[in-house]
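First up is the structure itself, then whatever we jot down about it.
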Amino acid sequence: MSERPKISVIGTGYLGATHAVCMVELGYDVIGLDVDESKVASLRAGKVPFFEPGLPELLGKHLDSGRLRFTTSYEEVAEFADVHFVCVGTPQQKGSYAADLTYVESAFRSLAPLLTRQVLVVGKSTVPAGTAVRMQEVINELAPCAEVELAWNPEFLREGFAVKDTLTPDRLVFGVHSEWAESQLRAAFKPIIELGTPVVVTDFATAELVKVAANSFLATKISFINAMAEVCEATGGDVVALAGAIGLDDRIGKKFLSAGLGFGGGCLPKDIRAFIARATELGVDQAVSFLREVDQINLRRRARTVDLGLELVDGDYTGKRVAVLGAAFKPNSDDIRDSPALDVASSIGAMGADVIVYDPEANDNARRAHPELKYADSLDEVLEGADLTLLLTEWQEFRVLDPGVVAKKVKALRLVDGRNILDPAAWREAGFAYRALGRP
Ligand code: UGA
């Protein structure tokens, strides 16, 4: 095998598309596969099917280089690549906490029968512990070449920073069963390893667990500070000051300690639930039972935000025009999966309010998921005539809102800051009834 293995990336969603493009940026020849023809057509045309800063530019650059192509053909992928990265999604199963592994199974079962020479298949999808062993069995059963091996290499990229996180990750985790597999992974990540990036070489189960443990820790940190917000609400304390003070202890640290509406997205919520489901199957549910509380604290923040708004409109949302700023689960993303902002917006809509939503990037996705809500194309439009304004995703455009300017547009000076990003004193001075989570 050449020093620079040829790479395939199976599944061109968030993770796969970013991984494919970044591997070309690192100097590899890459083929990306998706079973969704429209995704492949879009990527071939240089269009990234989701919002991710910096990715469209890199895609355009590398499509021109001829070192990146996209296909729907497993045959083409098997023929081309020495190292295959499986990057398909593992969403939450309907009606269960467990992860839906249909796409992972299907990717392995489609690829394995075509593997006629020694190659490495690398799982990148976030999966319950034990999946890698099962996928190695699928390969052993179906691959014509007996030397095909599996490795697990979890991905830690954040949406909004996907390119940076992929090109300069904090660490690489290689779950492998042989020195050969490790050497192939080292070759596939050579430029990143040369930057001095730590490499953790471990077994399959640990590699799978590193990912869910990391996301569980992050979710727990957010819910911890949101639990403190609940206590602040009962005592008159200020959770922003509290977080600032405990965060100064560098054993605790300030990051992921922003209290507010809590976490959403396609990863943290479903990963902690899948972890609970898997731990229950393994008979160690007590070890992660705290994650149920982490989930509950998180969901309670959404209900609390609905209530704060209700208090400001004197206990009745009926007919009130409610301006919702933000629909994406976080800024710099158009992802609305399990979005706290949209959850709150739709609850308030169901309580009889006339809800109008504005998000700089996620309006189209939000409209598809929640056609019952109204949408505005600009900040000016959403604020016009509002009886109540809710700030629910902390886009930069909202961080710099001027209370004097907003006051001229809205009908009533009532605001809920669901992300604790505004200065309460400035808004109150401008005449607003200002409410926030975990602050007086
Ligand atoms: C998360 C992890 O941060 C990544 O490391 C991981 O690779 C990824 O999941 C994944 O599993 O693929 P992401 O879902 O992009 O990344 O979003 P985060 O930046 O982690 O934010 C998650 C949620 O937590 C957002 O809704 C955000 O608003 C919320 N959050 C974050 C808070 O409420 N408070 C904070 O202090 C930080």
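The values are calculated or read from the model by the stated rules, or taken from the named source; none is laboratory data. What you see is a predicted model; the values in this text were computed from it and never measured. Counting neighbours? That spans all protein chains shown, and the Cβs are built from the backbone with ideal geometry, glycine included. Just the protein is used for accessible areas: all its heavy atoms, side chains included, with ligands, DNA and RNA removed. Shrake-Rupley method; radii C 1.70, N 1.55, O 1.52, S 1.80 Å.
Cβ-Cβ distances below 9 Å connect the following pairs, each with a first residue in segment 240-267 that is more than 30 Å from D100 (Cα to Cα) and within 11 Å of the ligand (Cβ to nearest atom), a second residue that is part of a loop (DSSP other than H, G, I, E, B) and open to solvent by 70 Å² or more (accessible area, probe 1.4 Å), and a separation of six or more residues or different chains: A243/K254; A243/S258; G247/K254; G247/K255; K254/L248.
Scanning segment 298-327 for residues that are under 27 Å from C267 (Cα atoms), over 19 Å from the mean Cα position of the chain (by Cα) and open to solvent by 20 Å² or more (accessible area, probe 1.4 Å) yields R300, A303, R304, D307. Where residues in segment 268-292 are touching a Leu at 6+ places or on another chain (Cβ under 7 Å) and β-branched (V, I, T), which of them is farthest from the ligand (Cβ to nearest atom)? Per the criteria, the residue is I276. Checked against the criteria, S289 does not count as of a type in the set (S, T, Y), buried (at least 18 other Cβ atoms within 10 Å of the Cβ) and at pLDDT 95 or above. Among the criteria (1) open to solvent by less than 20 Å² (accessible area, probe 1.4 Å); (2) within 14 Å of the ligand (Cβ to nearest atom); (3) in a helix (DSSP H, G or I), the one S125 does not fulfil is (3). Scanning segment 328-346 for residues that are within 12 Å of the ligand (Cβ to nearest atom) and open to solvent by less than 10 Å² (accessible area, probe 1.4 Å) turns up A328, S333, S339, P340, A341, L342. Taking interchain pairs and intrachain pairs at least six residues apart, which have beta carbon atoms under 6 angstrom, with the first residue in segment 99-128 and of a type in the set (D, E, K, R) and the second open to solvent by 40 Å² or more (accessible area, probe 1.4 Å) and away from the ligand (no atom under 15 Å from the Cβ)? Close Cβ pairs satisfying both conditions: D100/Q93. Considering only residues in segment 190-212 that are in contact (Cβ under 8 Å) with a residue 60 or more places away in the chain and either open to solvent by less than 60 Å² (accessible area, probe 1.4 Å) or on the phi > 0 side of the Ramachandran plot (or both), the one that is nearest to the ligand (Cβ to nearest atom) turns out to be K211. Only residues that are outside any helix (DSSP H, G or I), open to solvent by less than 20 Å² (accessible area, probe 1.4 Å) and either touching a strand residue (DSSP E or B) at 6+ places or on another chain (Cβ under 8 Å) or within 13 Å of the ligand (Cβ to nearest atom) (or both) were counted in segment 139-175, giving 12.
Against the list (1) within 30 Å of V83 (Cβ to Cβ); (2) in contact (Cβ under 8 Å) with a residue 12 or more places away in the chain, the condition E233 fails is (1). The set of residues in segment 86-108 that are part of a strand (DSSP E or B) and buried (at least 20 other Cβ atoms within 10 Å of the Cβ) comprises V86, A99.
Here is a check on your reading of the model: is S333 among the small types (G, A, S) and closer than 29 Å to Q396 by Cβ?
yes
Summed over segment 419-440, residues that are farther than 26 Å from A366 by Cβ and open to solvent by 60 Å² or more (accessible area, probe 1.4 Å) total 4. The C-beta contact set for segment 54-68 (first residue under 14 Å from T18 (Cβ atoms), second residue of a type outside the set (F, W, Y) and open to solvent by 60 Å² or more (accessible area, probe 1.4 Å), distance under 6 angstrom, 6+ apart or interchain) comprises L58/E25. All of I7, I31 fail the test of being closer than 28 Å to V212 by Cβ and buried (at least 19 other Cβ atoms within 10 Å of the Cβ), apart from I7. Do we have A219 as at pLDDT 95 or above, closer than 21 Å to P340 by Cβ and either within 12 Å of the ligand (Cβ to nearest atom) or polar (S, T, N, Q) (or both) here? It is true that A219 is at pLDDT 95 or above, closer than 21 Å to P340 by Cβ and either within 12 Å of the ligand (Cβ to nearest atom) or polar (S, T, N, Q) (or both). The lone criterion from (1) of a type in the set (V, I, T); (2) buried (at least 19 other Cβ atoms within 10 Å of the Cβ); (3) part of a loop (DSSP other than H, G, I, E, B) left unmet by T116 is number (2). Taken as a whole, segment 408-417 holds at least one residue that is within 16 Å of the ligand (Cβ to nearest atom) and touching a Phe, Trp or Tyr at 6+ places or on another chain (Cβ under 9 Å).
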